[in-house]
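K.L.:
First, the structure itself, so that you have it in front of you.
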Amino acid sequence: MVNFYAILKKELGSYFKSPIAYMVIAVFSVISGYFFYSLFALFGVMSVQSMNNPNMQSALNITEEVVGPAFSTMSILVLFMTPFLTMRLFSEEKKSGTIEMLMTFPIKDIEIIMGKFGACFLTFLVMLTPTLFYQAILFILGKPELGPVISGYIGIILLGASFISLGILISTMTENQIIAAVVTFGALLLFWIIQWGASFTGPVFAKVLIQLSIIEHYQEFARGVIDTNDVIFYGLFAFFFLFLTMRSLESKKWRG
Amino acid sequence: MIEVENLTKYYGNIPAIEDITFTAEKGEILGFLGPNGAGKTTTMRILSCFMPATRGTARVAGYDVFKNSMEVRKRIGYQPENVPIYRDMSVSAYLNFVAQVRGIDRRERKTKIGKAMDECGITGVSGKLIGKLSKGYRQRVGIAQALVHDPEVLILDEPTIGLDPRQIHGMRDLIKNLGGQRTIILSTHILPEVSMTCQRVVIINEGRLIAVDTPDNLMARLQKGTKILAEIEGPPDDIMKELKGVSGVTNIEKKDAKSDNTFTYLIDSTIDRDIRKELFAAVSKNGWLLTEIRQIDMSLEDIFLKLVTEEKD
Ligand SMILES: Nc1ncnc2c1ncn2[C@@H]1O[C@H](COP(=O)(O)OP(=O)(O)OP(=O)(O)O)[C@@H](O)[C@H]1O
Ligand SMILES: [Mg+2]
């Protein structure tokens, strides 16, 4: 536990000593802010129109028109941003040779991996915090339901944790941070669009593809439904890639 | 303390080290000597549990580096080649991190870090970022990091490379002071360093063990192939011919002229006996004048070169 904490602290330190974390957080806040603003502004325009049109009034709902779409766009932003958070985790240590120190300290590989995962995850949470302000504004100006907001955050947090676990695995495979980021992004995108194949494969395989799709499982959260199936999917996804990360570190030792 | 037996490491199909066997006793400073690419770093990486060997065993304090890697890692301090450390951390933050992962109790951390910084003379730069330190100071941080938990065994890969002469001197004193209680293995290509700091030397070349001995023994062992320097007044050609006939002389070389008729000669002999008397007799028999004659002690450098080239023959 001491070791986990030591790694966590060191990693958090280097996130916030380098400009990368600040840039990622800044870009995320600006773009997600813009999304919220435009969704909300659109909703405002529609509300004004609906006042003149009594038929529309009942259909208009801030939760469905703003909160849901905001979480959907947030997931896309997370897809773009997490590779930049994970790319340095092991690549940097490999490049600078500090991995040689790290691996010869009396700490377990799992402690190293979880320490790095934890630091990246916390940074990811910090990145999400500005959106809380946007949500607060919605609550001040309108009356959205609280349930979908909470489930949406649970969804995005699970999504982020899964993305990070895949990113960590890839950063153990190269000492080049750019390559780590590009490959992570590609792999995540593949998991994102994998269900497209469902339309032209057999029914069984289609089911598998849809189950594998990292974004299919997210839709329900954005709609305000927490399904244990989806939670288990993200849990397994993260576990699987963290496990592969461990194997990858071990095999590095074997190959020298 | 350290037992290495038939250690072999292949990178792909290429052997980096083959059948390396040596031991180091408790409290001993062992020098690891070899030219570039000899396999020093490879051996040290195996000893420090960074990577496993292809074949053979290595034990530190009785624990196998592969089977009991955690126990070994607890007992060693390791400074890898080129001193990789986190450049964005301050010296004290870095040592604090190392102390933490080394399992030093929170209450003891401060004193132990202070002691390590004192020993390495880096107390004055404790607040600085490591990336902003000079190479020599970074090297010291690397050693402080290896020392902080007071390990039984220290493994230092080229601890003096890239230091200025004064710093090298300081580093050697530091290492000598660290020895005694601890077993130290250090690698170097600098030969005088070995005779100055180490009690025993392991010489490797192209992945193979060439010799394991004390510096003195190594010199003595090779002294039998002594060189003799003689300054003789007389006709050089005759002298060369005459001296070649003396038993035990294998080679003779005319060196620089002292005056018209006086030259220095470098005489190689193989036989394990002093041939200066015979040389003197041969010179005086011909009525030439011997103005100087002495044995040249082979430096460790000569021995090293000789060993490395002998191996090739
Ligand atoms: N990761 C690696 N992959 C493939 N070959 C390697 C690797 N590391 C070292 N080698 C090879 O193994 C041999 C021994 O290298 P090693 O680094 O142990 O030498 P060294 O004695 O430390 O040399 P130097 O004095 O230059 O540091 C060399 O021929 C080197 O090219
Ligand atoms: Mg080396």
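K.L.:
Show B:ILE203, A:ILE110 ordered by accessible area, largest first, where the area counts protein heavy atoms only and the probe is 1.4 Å.
P.N.:
If we order B:ILE203, A:ILE110 from most to least accessible, we get A:ILE110, B:ILE203.
K.L.:
By DSSP, what percent of the beta bridges with both residues in region B:51-192 are antiparallel, rounded to the nearest 5?
P.N.:
25 percent
K.L.:
Among the aspartates and glutamates, select those whose C-alpha is under 17 Å from the C-alpha of B:LYS176, and discard any that sit fewer than 8 residues away in the same chain.
P.N.:
Within the straight-line limit of under 17 Å, B:LYS176 reaches these aspartates and glutamates: B:GLU25, B:GLU28, B:ASP118, B:GLU119, B:ASP150, B:GLU152, B:ASP157, B:GLU158, B:GLU193.
K.L.:
What whole-number value in Å² describes the accessible area per residue of region A:27-160 for a 1.4 Å probe?
P.N.:
I get 42 Å² per residue for region A:27-160.
K.L.:
Provide the solvent-accessible area of B:ARG140, counting protein heavy atoms only and rolling a 1.4 Å probe, rounded to the nearest 10 Å².
P.N.:
50 Å²
K.L.:
Give me the accessible area of B:PHE50, 1.4 Å probe, in Å² rounded to the nearest 10.
P.N.:
That residue has around 30 Å² of solvent-accessible surface.
K.L.:
Now a separate question. Rg(Cα) of region A:129-211 divided by 2.2 N^0.38 Å?
P.N.:
1.52
K.L.:
How long are the three semi-axes of the equivalent ellipsoid of region A:33-163, in whole Å, if each is the root of 5 times an eigenvalue of the C-alpha gyration tensor, listed from largest down?
P.N.:
43, 13, 10
K.L.:
Where does each of B:MET171, B:MET1, A:MET23 land when they are ordered by accessible area, with a 1.4 Å probe and the largest first?
P.N.:
Working: B:MET171 5, B:MET1 45, A:MET23 115 Å².
In descending accessible area the options line up as A:MET23, B:MET1, B:MET171.
K.L.:
Taking the alpha-carbon set of region B:24-127, what are its Rg and Dmax in Å?
P.N.:
Both quantities, over Cα of region B:24-127: 15.9, 45 Å.
K.L.:
Separate question: Compare B:VAL72, A:VAL30, B:VAL249 by solvent-accessible area with a 1.4 Å probe and give them largest first, with all protein chains kept in place.
P.N.:
Highest to lowest solvent-accessible surface, that is A:VAL30, B:VAL249, B:VAL72.
K.L.:
Rounded to the nearest 500 deg cm²/dmol, what is the calculated helix-only ellipticity per residue at 222 nm for the protein assembly as shown, with -39500 (n - 2.57) per DSSP H run of length n ≥ 4?
P.N.:
Here the helix-only value at 222 nm equals -18500 deg cm²/dmol.
K.L.:
When you take every Cα atom in region B:67-109, what is the radius of gyration, and what is Dmax, the widest Cα pair distance, in Å?
P.N.:
Computed over the Cα atoms of region B:67-109, radius of gyration and Dmax are 12.2, 35 Å.
K.L.:
Let me ask something additional. Does chain B come out rounded, prolate or oblate by the C-alpha gyration tensor, with a ≥ b ≥ c the root eigenvalues, rounded set by a/c under 1.5 and, if not, prolate when a/b is larger than b/c and oblate if not?
P.N.:
Numbers: a/c = 3.19, a/b = 2.14, b/c = 1.49.
It is prolate, given that a/c is not under 1.5 and a/b is the larger ratio.
K.L.:
Return the inverse of the average 1/r over all pairs of distinct C-alpha atoms in region A:2-83, which is the Kirkwood hydrodynamic radius, in Å to one decimal.
P.N.:
Final number for the Kirkwood radius of region A:2-83 is 15.5 Å.
K.L.:
To check my understanding: the extent here is largest minus smallest coordinate of the Cα atoms along each principal axis. What are those three numbers for chain A, in Å, largest first?
P.N.:
The principal-axis extents, from largest down, are 72, 48, 31 Å.
K.L.:
Hey, which lysines would be in cross-link range of B:LYS241, C-alpha to C-alpha under 30 Å, not counting anything within fewer than 8 residues on its own chain?
P.N.:
Once the sequence-local lysines are set aside, what remains near B:LYS241 is B:LYS224, B:LYS227, B:LYS254, B:LYS255, B:LYS258, B:LYS277, B:LYS285, B:LYS306.
K.L.:
Heavy-atom accessible area of A:ILE179 with all protein chains present, probe 1.4 Å, nearest 10 Å²?
P.N.:
Counting only protein heavy atoms, A:ILE179 exposes about 80 Å² to solvent.
The values are calculated or read from the model by the stated rules, or taken from the named source; none is laboratory data. Keep in mind that what you see is a predicted model, and the values were worked out from it rather than measured. The accessibility values were calculated without ligands, DNA or RNA, using every heavy atom of the protein model including side chains. Shrake-Rupley method; radii C 1.70, N 1.55, O 1.52, S 1.80 Å.
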